[in-house]
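Chemist: The structure under discussion is supplied below as structure tokens; questions concerning it will follow.
Values quoted throughout were computed directly from the atomic coordinates according to the rules given, and no laboratory measurement underlies them. Note that the coordinates shown come from a computational prediction; the quantities given were computed from them, not determined experimentally. Note that we place each Cβ from the backbone using ideal geometry, even for glycine, and neighbour counts take in every protein chain shown.
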């Protein structure tokens, strides 16, 4: 992969205009992302649903999830991941706000 940008291999990065990501992924790991509008302050995001079936399950629970609020006009609140499973995770965030979610880890399928 030498000489390639993250945007060359990750459609989400290309779509969002990210040329690169700070740091490296470990061998076998993937980076993918999606955008969601929160429907509650503690919501379950199922990978198969939010990725349109492209990712359905992570290999293990050692994956990282980075939520970033992109909505404006709201109070400053920290979004965080409450719990993770291989097929889903719980996002704790402001209700009815837009978040970009980046996931880094080993994908099973």
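Chemist: Can you pull out every residue in the range 89-103 that is surrounded by 17 or more Cβ atoms within 10 Å (Cβ to Cβ) and over 15 Å from residue 16 (Cβ atoms)?
Modeler: Listed by number, the residues that qualify are 89, 91, 92, 93, 94, 97.
Chemist: Just checking, which of 84, 69 is under 13 Å from the mean Cα position of the chain (by Cα) and under 22 Å from residue 14 (Cα atoms)?
Modeler: Answer to the check: 69.
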